Structure formats: structure tokens, C-alpha cells
Amino acid sequence: MILFKYVPLWGLIIAFMDYSPYLGILHSEWVGLEHFRRFFADSDFIVLFRNTMGINLLSLIFFFPLPIVLSLLLNEVRNNVFKRIVQSIVYLPHFLSWVIIAGLCFLLLGSEGVINRLIMASGMQPVDFLTNPKLFWVVLTAQSIWKEAGWGTVIF
């Protein structure tokens with residue numbers, strides 16, 4: 001308990017120091033709350049705080065209930081072979097790194113991606129999913145759902 005719960009807390013002291021890996025924790029200069037004062041006084045703090053709260057609110061509204069609903073739906077499937085196949089397909093993205101998920105999203109949602117090609121084939125204008133700041137929260141939430149909904153079904 002001490003080794004894995006309390007010893008790592010010593011690393012938090014770095015937030016109150018002008019830490020240099022060369023000097024280490026014992027010899028780096030102590031600056032107290034200076035880093036926190038600078039962060040909260042920065043003009044970008046409000047934007048960062050709004051983005052963090054917005055993305056977490058979207059996750060709470062859309063991501064949190066989805067694994068529960070998916071678990072309930074899978075529980076009602078009577079064909080065990082189909083149920084296991086669906087569980088495996090939904091659970092697979094959990095084992096992929098975020099770099100691979102981002103790459104797949106780029107291939108799907110990029111300006112020359114699969115989805116935009118389908119949109120253009122239907123005669124509509126392509127959508128800039130990855131460069132439109134208004135869609136960032138939605139794309140990020142969708143990536144999280146795609147990657148982790150399968151893991152949530154295992155938990156529930």
C-alpha cells in the first residue's frame with residue numbers, strides 16, 4: 001500500500017518546483033504556487049476550461065449510457081454465436097492505441113476520406129470534419145465512444 005499509493009505522491013512536488021531533470025527533485029528550485037498563478041491568469045484558461053467541461057459533459061451524456069444500453073441489447077440476443085461475434089467486434093477497438101484510432105478517423109473523416117467520398121458521390125458538398133472547430137467536440141466524443149464502448153459492455 002505504501003509503495004504504490006504514497007510513494008508516487010512525492011512526484012506531485014514537481015508541480016511546485018522549477019523542475020530540471022538534470023538537477024532532480026532534491027536540487028530544483030522551489031517556486032510554490034507560481035505555476036498555478038500563471039496558468040489561472042492566462043487568457044487561454046477560460047477556453048481550456050470551457051473545452052474540458054464541454055467535452056466531459058458530452059462524454060457524460062452520450063458515452064456513459066451507451067455501454068449500458070449496448071450491454072442490455074446484447075443480453076437479449078439469443079443466438080450465442082452472433083452475440084459473441086458482435087461483442088468481439090465492439091470490444092476490438094479497446095486494444096488499439098489512440099494513434100491508430102486517430103489514423104483510422106483521418107482515413108474515414110479526412111477531406112479525401114471514405115465518408116466525404118460517399119457524400120460527394122451523392123452529389124453533396126464535402127464536410128470538413130477534421131478542420132472545423134465546431135465539430136471537434138463531436139469528433140472527439142465519437143472517437144471515445146468508438147474506442148471504449150466495447151470495454152464498457154464488458155464492465156456492465
Residue-wise, which Karplus ³J(HN,Hα) couplings in Hz belong to the range 68-79, taking 6.51 cos²θ - 1.76 cosθ + 1.60, θ = phi - 60°, and x for glycine or proline? 5, 5, 4, 5, 5, 5, 5, 5, 7, 6, 8, 7
At Thr131 and Ser111, where each label point lies 7 Å from the Cα along Cα→Cβ, what is the point-to-point distance in nanometres? 0.3 nm
Using the Kirkwood formula on alpha carbons, the hydrodynamic radius of the chain in angstrom works out to 19.9 Å
Length gained when the stretch Ala102-Arg37 is fully extended (0.36 nm per residue, less Cα-Cα span): 20.0 nm
Mean accessible surface per residue for the range 77-156, computed with a 1.4 Å probe while every protein chain stays in place, in Å²: 70 Å²
Consider a paramagnetic label point 7 Å from the Cα of Trp146 along Cα→Cβ; state which residues of the range 42-77 have an amide N under 16 Å from it. 63
Tabulate in residue order the Karplus-calculated ³J(HN,Hα) for the range 50-66, using 6.51 cos²θ - 1.76 cosθ + 1.60 with θ = phi - 60°, rounded to whole Hz; enter x for Gly and Pro. 4, 4, 4, 5, x, 5, 5, 5, 4, 5, 5, 6, 9, 7, 4, x, 4
Taking amide H atoms as placed 1.01 Å from N in the peptide plane, list the residues 5 or more away in sequence, or in a different chain, whose amide H sits under 5 Å from that of Met17. Val31
Order by accessible surface, 1.4 Å probe, largest leading, for residues His94, His27 comes to His27, His94
Would you list which aspartates and glutamates come within 20 Å of Lys134, measuring only between C-alpha atoms, while excluding same-chain residues fewer than 8 positions from it? Asp44, Glu112
Explain nothing, just compute: Karplus ³J(HN,Hα) = 6.51 cos²θ - 1.76 cosθ + 1.60, θ = phi - 60°, for every residue of the range 131-148 in order, whole Hz, x for Gly and Pro. 10, 8, x, 5, 9, 4, 4, 5, 5, 5, 5, 5, 4, 5, 5, 4, 6, 10
Leaving out ligands, DNA and RNA, what percent of the accessible area of the range 1-86 is carbon and sulfur, probe 1.4 Å? 72 percent
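The values are calculated or read from the model by the stated rules, or taken from the named source; none is laboratory data. Keep in mind that what you see is a predicted model, and the values were worked out from it rather than measured. We place every Cβ from the backbone using ideal geometry, glycine too, and count neighbours over all the protein chains shown. When the accessible area is computed, the model is the full protein with side chains, heavy atoms only, and any ligands, DNA or RNA have been set aside. Shrake-Rupley method; radii C 1.70, N 1.55, O 1.52, S 1.80 Å.
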